[in-house]
1. Taking 8 Å as the Cα distance limit and 6 or more residues as the minimum spacing, I'd like the relative contact order of the chain as a percentage.
2. Which order do 288, 212, 244 take when ranked by solvent-accessible area (1.4 Å probe, heavy atoms of all protein chains), largest first?
3. Could you report region 31-128's accessible area per residue, 1.4 Å probe, as an integer in Å²?
4. Would you rank 35, 279 by solvent-accessible area, highest first, keeping every protein chain in place and using a 1.4 Å probe?
5. Could you go through region 20-27 in sequence order and give the Karplus-derived ³J(HN,Hα) for each residue, using 6.51 cos²θ - 1.76 cosθ + 1.60 with θ = phi - 60°, rounded to whole Hz, and x for Gly and Pro?
6. How much of the accessible area of region 30-108, in percent, comes from carbon and sulfur atoms when a 1.4 Å probe is used?
7. Provide, as a two-decimal number, the C-alpha radius of gyration of the chain over 2.2 N^0.38 Å, N being how many residues it has.
8. Report relative contact order for region 93-236 in percent, whole number only (criteria: Cα-Cα under 8 Å, sequence separation at least 6).
Amino acid sequence: MSLPTPLQELTDPRFARHHLRLLLKRDDLIHPDLVGNKWRKLVPNLDAAAGRPILTFGGAYSNHLRATATAGRLLGLPAIGIVRGQELAARPLNPSLAHCTANGMRLHFVDRSTYRRKTDPDTLAAIRREAGADDAYVVPEGGSNALAVRGCRALGEELRGHADVVAVACGTGGTLAGLAAGLAPDQRALGIPVLKGGFLDAEIRALQDLAFGGARGSWTLDHRFHFGGYARTPPELHAFADDFEARHDVPMEPLYVAKMLYGLVALAEEGAFPRGTTVAAVITGRPFP
């Protein structure tokens, strides 16, 4: 692994003409198999598991399930993925779920109604029994819990003194919650949610309460760039990602990173950042093969 991950400055006219600097925090280079915020969130939980099997949750296209399966293979820990939806509808397995099984994860499908109640203690206990995982260490959907948030605090600490605004794509909010806590008082974290719904503000506050006992750091969210929701990647976004990759030779992960960078370009064009602002964008992952 490579920590702290490198900062890469880009020359991009869409920022330069507004007298802005753009830096990329290359967390996609943190580990060849377990990259970015997934590494920062999972490693503290894997340590806490202390050799027990890992049980976690996700949809059929979940990056978190993929990352957990990879981590289980690397560390020799059994991994069980609780997948939202009926198994028959998921056959044949899509590339994400096929990656999970290829890395040794055992998949257990539950209907959407049960999945929505997965945090209820009785429902969780029933899921564990049905999955044959009574002794497993449970990691929540997206990997965001107090341990994960504390793990992501180091990301903010690595960026102290390097940028005025630090942007990151948000799924469950754990990375932003930790990032904001690690930044200096004169820095601001900006989250770009990739799911629609507007629920993340409360989730991030709750995660900071769990991890630190209260609010930490300065952070805001801009909900305009989810492109219709998770896994929604319309042609406009693909065109943007292809252009950005061609300009800067940076692999573009479409579900999170491309949406975040698209949002930053739009904000720059809107004049949302004062002249002279240095913006750092956290590259949390890379495209899967």
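1. Working: 569 pairs, mean separation 62.3, N = 289.
In percent, rounded to a whole number, it is 22.
2. The ordering from most to least exposed comes out as 288, 212, 244.
3. Values: 4300 Å² over 98 residues.
Accessible area per residue, region 31-128: 44 Å².
4. 35, 279
5. Karplus-based 3J(HN,Hα) across region 20-27 equals 10, 9, 10, 10, 10, 8, 7, 6 Hz.
6. Answer for region 30-108 is 57 percent, counting heavy atoms of protein chains only.
7. Here the answer is 0.98, to two decimals.
8. Values: 199 pairs, mean separation 27.2, N = 144.
Rounded, it is 19 percent for region 93-236.
The values are calculated or read from the model by the stated rules, or taken from the named source; none is laboratory data. All values derive from a computational prediction rather than experimental measurement. Note that we place each Cβ from the backbone using ideal geometry, even for glycine, and neighbour counts take in every protein chain shown. Ligands, DNA and RNA are excluded from the accessible area calculation, which covers all protein heavy atoms including side chains. Shrake-Rupley method; radii C 1.70, N 1.55, O 1.52, S 1.80 Å.
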